[in-house]
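Data block below; observations after.
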Amino acid sequence: MVRTRIGSAAMCMTGDGERRRGRPLKFSTVVARLESVEAEAGSPKAEADPPKAQPKKRGRPPKATKLAEADAESTEPQPKKRSRKAAGEVSSEPAASSSSSSSSSSSSSSSPSKSSAAAIAPPPGWQSTWDLIVELRADRTAVVDSMGTEAISAIGDVSASERAYQALISLMLSSQTKDTINMATMKKLRAHQPGGLTVTSVSAMTDDTLHEYIRQVGFHNNKVRFIKETTRLLLERHEGEVPRTMDALLDLPGVGPKMAIILMRVAFDETVGISVDTHVHRICNQLGWAGAQGSKTPEKTRKVIEGWMPSHIWPDVNLLLVGLGQEVQTEKAKLIGKCLQCSDPSAALRLLDTLGVNVEKERAKHGL
């Protein structure tokens, strides 16, 4: 007996099982329809008809296991969308000159990664804005310049193999962690005895020992698991060496595109893309570099800017924009001072305004 609610629910079952909403039905009408359905279900024709195939249900895609990129995308507040006109006010350079700059240099560096977007027209005025950023960051006094993975990798007299492994560990620790804490943690790991920070020594560590070393970094419990598992895979699949391809790096637990791109450049001097973290993601959206509508995630921003940025500047984008973002957030007075002394103070101050700095307030506050 097929049952259905009667009256105010106004629902009924048709012969094919479809639920329909309509006007309230009389009791006699509903009974008649139900009897018709039951009779049809028991008829030889109904028995002969094969059951209709049920459509396959689409499940949700599996959650990403790449901690670093998932953390960056979920915790950073989305930047306010700015029109290209607002971004273009930083510079008056015509779009034609930037297009020619892009095309003339596109063959001077490594090819982009597989997921890069197709080539698109550069945003108007980007070249002069970029040149201004290069000038403002020439002093290399941001925190990332002395405590980021590039700086950490340059410390110590170790083999190329050990340097690559230490760069990998530094990048895995850096997710959701301040550069100052990451630097201090790496120093403790390098001082570990016996062996220092190597594939062999980390493999021999207990989880508790590793956790004690890295407990100050963000998501330290997950990172203990990822580092131990990654180290095991390096020994089992790569003879204890850090792999030199993006695909192999992305197979390691806790490693996403942002980390892998930096590692390929720092450890192997290969540029395969632009590493986009939350600073780069935010600034590119504020400048209108991530498309007219902006982008919602660092990975989408990466695909857009790789589609138009000349490949010869790819190696510098992350370090310069991360440092600029750090100074915008924590060293406004120093940054304004550099703007006032640069080749185009007015354009530099407009740039800071575009990046969310209240220039007048900061100048009054610090007597600049």
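The values are calculated or read from the model by the stated rules, or taken from the named source; none is laboratory data. Nothing here was measured: the structure is a model prediction, and the numbers come from that model. Heads up, the Cβs are rebuilt from the backbone with ideal geometry, glycines too, and the neighbour counts pull from every protein chain shown. The area values use the complete protein model at the heavy-atom level, side chains included, leaving out ligands, DNA and RNA. Shrake-Rupley method; radii C 1.70, N 1.55, O 1.52, S 1.80 Å.
For GLY323, state whether it is in a helix (DSSP H, G or I) and open to solvent by less than 10 Å² (accessible area, probe 1.4 Å). Judged against the criteria, GLY323 is a match.
Just one of (1) in a helix (DSSP H, G or I); (2) touching a residue at least 24 places away in the same chain (Cβ under 8 Å); (3) surrounded by fewer than 19 Cβ atoms within 10 Å (Cβ to Cβ) fails for GLY356. It is (1).
Among the residues of the range 311-362, count how many are in contact with a helix residue (DSSP H, G or I) (Cβ under 6 Å, 6 or more places away or on another chain), basic (Lys, Arg) and over 11 Å from LEU136 (Cβ atoms). Total meeting the criteria: 1. Looking only at the range 301-308, decide whether some residue is touching a residue at least 12 places away in the same chain (Cβ under 8 Å), in a helix (DSSP H, G or I), closer than 13 Å to VAL144 by Cβ and out of contact with any Pro (no Cβ under 6 Å at 6 or more places or on another chain). No, because not a single residue in the range 301-308 is touching a residue at least 12 places away in the same chain (Cβ under 8 Å), in a helix (DSSP H, G or I), closer than 13 Å to VAL144 by Cβ and out of contact with any Pro (no Cβ under 6 Å at 6 or more places or on another chain).
Here ASP157 meets the list (1) closer than 30 Å to LEU210 by Cβ; (2) over 22 Å from the mean Cα position of the chain (by Cα); (3) at pLDDT 95 or above; (4) not polar (S, T, N, Q) almost entirely, failing just condition (3). Among residues that are in contact with a helix residue (DSSP H, G or I) (Cβ under 6 Å, 6 or more places away or on another chain) and open to solvent by 20 Å² or more (accessible area, probe 1.4 Å), VAL255 is not included. Among residues of the range 179-195 that are on the phi > 0 side of the Ramachandran plot, none has a beta-carbon under 7 Å from a residue that is assigned to a helix (DSSP H, G or I) and loosely packed, with under 13 Cβ neighbours inside 10 Å at least six positions away or on a different chain. Taking the range 134-159 as the range and being surrounded by fewer than 16 Cβ atoms within 10 Å (Cβ to Cβ), of a type in the set (A, V, I, L, M) and free of Cβ contacts under 8 Å to residues at least 60 places away in the same chain as the test, the residues that pass are ALA138, ALA154, ILE155. Residues in the range 251-272 that are in contact (Cβ under 8 Å) with a residue 60 or more places away in the chain and either more than 22 Å from the chain's Cα centre (by Cα) or assigned to a helix (DSSP H, G or I) (or both): PRO257, LYS258, MET259, ILE261, ILE262, LEU263, VAL266, ALA267, PHE268. For the range 167-185, the condition of being modelled with pLDDT of 90 or more, open to solvent by 20 Å² or more (accessible area, probe 1.4 Å), more than 27 Å from the chain's Cα centre (by Cα) and β-branched (Val, Ile, Thr) holds for none of the residues. Report yes if some residue within the range 212-234 is on the phi > 0 side of the Ramachandran plot, open to solvent by 30 Å² or more (accessible area, probe 1.4 Å) and in contact (Cβ under 8 Å) with a residue 60 or more places away in the chain; otherwise report no. Yes, that holds for at least one residue. The residues in the range 147-193 that are of a type in the set (S, T, N, Q), farther than 24 Å from VAL317 by Cβ and in a helix (DSSP H, G or I) can be counted, and the count is 2. Of all the residues in the range 273-300, those that are open to solvent by 30 Å² or more (accessible area, probe 1.4 Å) and either out of contact with any helix residue (DSSP H, G or I) (no Cβ under 7 Å at 6 or more places or on another chain) or without any contact (Cβ under 8 Å) to a residue 60 or more places away in the chain (or both) number 3.
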